[in-house]
């Protein structure tokens, strides 16, 4: 099942066990995708494509790249950015560039909202497993949950709402996928908005430029990651040129606006049962310009950067291709025009493990695998800052 073919709205984090059930853009609790019509440009949850989406079955990330990161889960010992100034993250929370820090040693202290269900979200005291220290956060969704009263859409999420706004965010966390757990249907999210806009995660919706924007950072069964972004100048999947004009080249017959996909070339699959470090960067644009950007590092190696002038690639429908069978060098990426108002700033992060029964079942069928009963993802050593952080050194 493709991302475009499901019906849920994720949860209202402030309400421990509730699930949002509408797609009204004024509903701050609505956070995922509503149904759409089939498309030959649809991305499947297993990372394969129904058509013109660049990621093909068995492809492990396109051409080799000198920015590809190691996949053994190790952390370079020297550190980069703020981590170099604060070995083992000791005192990092006091740095003026740091907005938020959580190593879970004080459990969920500081997190604004989280699922109040210990079967899904819990802090575990286990120094042998923790990335560092004694504790870590465990997010778990089981097949039984998906088939029960919570399902068929279940999230295990923790959210932090920034105490101060910013136009540039770096977000680092250490993560560990347990066993053969399936990557989530959608994973972590960085959201921006004005003082009243709180509707990040609405599906098939073009957010207002003076309201907000957001992106998910998602993993796939092939071990690769991509950005899945919504903003006021996003492209539709209806037409080859990203517009929604009936009769256009490649007309899909239905207008829809789902997250635009950005899958960096040269990725190495993430490891299993081993901690690895992810750092995301997002920069809001200067109003009236396309100078916004996103980047990500894995284990302190830059994997992908989308900003004015790079990378080179090709827009096709709602995807910007930098590798794969639909790649062509049609010029440099122009950058993101994320917002039309200076009142829109970054405002919250969400760690999530959101699963949908239908897509999980379809992925098992398509891949010929059986995912375990429990899908479990572990998190540790989270830092949000306004400058480069780098992985925690031990």
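Each value in this text was obtained by applying a stated rule to the coordinates, not by laboratory testing. Every value quoted in this text rests on a predicted model; they were computed, and no experiment measured them. Using ideal geometry, Cβ is built from the backbone for each residue, glycine included, and neighbour counts are taken over all protein chains shown.
Brief remarks on what is shown
- Each label point was placed 7 Å from the Cα along the Cα-to-Cβ direction; for residue 314 and residue 274 their separation is 3.5 nm.
- Förster radius 45 Å - calculated FRET efficiency between residue 361 and residue 168 (Cβ-Cβ, nearest 0.05): 0.65
- Inter-centroid distance (Cα atoms) of the stretch 157-202 relative to the stretch 220-245, Å: 18
- Treating r as the C-beta distance of residue 240 and residue 387 and R0 as 41 Å, the FRET efficiency rounds to 0.55.
- Extension gain from residue 210 to residue 117, taking 0.36 nm per residue of separation minus the Cα-Cα distance: 30.0 nm
- Between residue 178 and residue 290, full extension at 0.36 nm per residue minus the direct alpha carbon distance yields a gain of 36.4 nm.
- Put in order of Cβ neighbour count within 10 Å, fewest first, the listed residues 273, 200, 167 become 273, 167, 200.
- Relative packing of peptides 142-149, 113-120 - highest average C-beta neighbours within 10 Å first: 113-120, 142-149
- The ranking of 389, 349, 99 by Cβ neighbour count inside 10 Å, starting from the fewest, reads 99, 349, 389.
- With both labels modelled 7 Å from their Cα along Cα-to-Cβ, the residue 254 to residue 90 distance reads 5.8 nm.
- Between residue 108 and residue 334, residue separation times 0.36 nm minus the direct Cα-Cα distance comes to 77.4 nm.
- Residue order, fewest to most beta carbons within 10 Å, for 356, 364, 373: 373, 364, 356
- Where labels lie 7 Å past Cα in the beta-carbon direction, separation of residue 369 and residue 125 in nm: 3.5
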